[in-house]
Amino acid sequence: MGQEVSEAGWYYPLLREGEAVLWEGKPVKYSYPGRFFRGIFFLFWAGFAFYWEASVIISGAPLVMILFGLLFVGVGIYFLFYHFVLEPKLLRSQRYLITNQRVIIRKRGFRQQDITNLELDLISKTEIHKNKAGGGDIYFHSSGLQTSFSSNPKLFSAFSIISSSSGFFGLENVEEVAQILERAIAEVKKKRS
């Protein structure tokens, strides 16, 4: 793996001339919508695969059935390892940035870094999901395209349609961040008109 970059100022190389940082953050709660139900599904998958494989072995079924079952056991083990070990580590590496021009989301993997840029004037709507403690998620809905860059050249995509799951997830102070974002969007749209 390459040289570790300090987390402080991770965004400096990404800033354009005249671009000012309004807010920087990261997830406090390392989750996202649907993660709990996905975990239950993976547990069910792996449990059933282990049960089925054990039944096949005990019953003395042909070798082809045992090998077929091992495929599903392997997938179940991968699901569990990824969901409960790797994915939380990946979620902890996410960073969020609001500037006076755009929103930047950094996702760092084990061998690559993905940066998503969404111009503020393309955000047509924001949606806040707030929990009782004041934390939550902000979803971005866009009327246009977003720029996406991956440190893996094979995954480079200059323009991709924004997905409905784009946003800031696991924020501690979701209302404060939403207000900063809404003010920045209003300011950009005011300048453009």
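Please report the spacing between the Cα centers of the stretch 108-125 and the stretch 40-99 in Å, no decimals.
Value for the Cα centre distance between the two parts: 29 Å.
I'd like the trypsin sites (Lys or Arg not before Pro) in the stretch 11-92 restricted to DSSP loop residues with at most 16 other Cβ atoms within 10 Å, sorted by number.
Filter output for the stretch 11-92: R16, K29.
Convert each backbone phi in the stretch 36-41 into a coupling constant with the Karplus relation 6.51 cos²θ - 1.76 cosθ + 1.60 (shift: θ = phi - 60°), then list the ³J(HN,Hα) values in order as whole Hz, x for Gly and Pro.
Result, rounded to whole Hz: 4, 5, 5, x, 5, 4.
Can you tally the net charge around K130? Count Lys and Arg as +1, Asp and Glu as -1, for every other residue whose Cβ sits under 9 Å from the Cβ of K130.
That works out to -1.
For S55 and K107 in one chain, what is 0.36 nm times their gap in residues minus the Cα-Cα distance, to one decimal in nm?
Here the segment from S55 to K107 would lengthen by 14.6 nm.
Under 1.5 on a/c is rounded, so check that first for the stretch 1-130, then, if it is not, pick prolate when a/b is larger than b/c and oblate when it is not; a ≥ b ≥ c are the square roots of the alpha carbon gyration tensor eigenvalues.
Cα axes put the stretch 1-130 in the prolate bin.
Rounded to whole Hz and in sequence order, give me ³J(HN,Hα) for the stretch 51-56 from the Karplus expression 6.51 cos²θ - 1.76 cosθ + 1.60, θ = phi - 60°, writing x for Gly and Pro.
4, 4, 5, 4, 5, 5
What chymotrypsin sites (Phe, Trp or Tyr not before Pro) in the stretch 69-129 are in a loop by DSSP, with at most 14 other Cβ atoms within 10 Å of the Cβ?
Hits after loop and neighbour filter: F110.
Where a number appears in this text, it was derived from the coordinates with a stated rule and is not lab data. Small disclaimer: the values here were computed from a predicted structure and weren't measured. Here the Cβ is made from the backbone with ideal geometry for all residues, glycine too, and neighbour counts use every protein chain on show.
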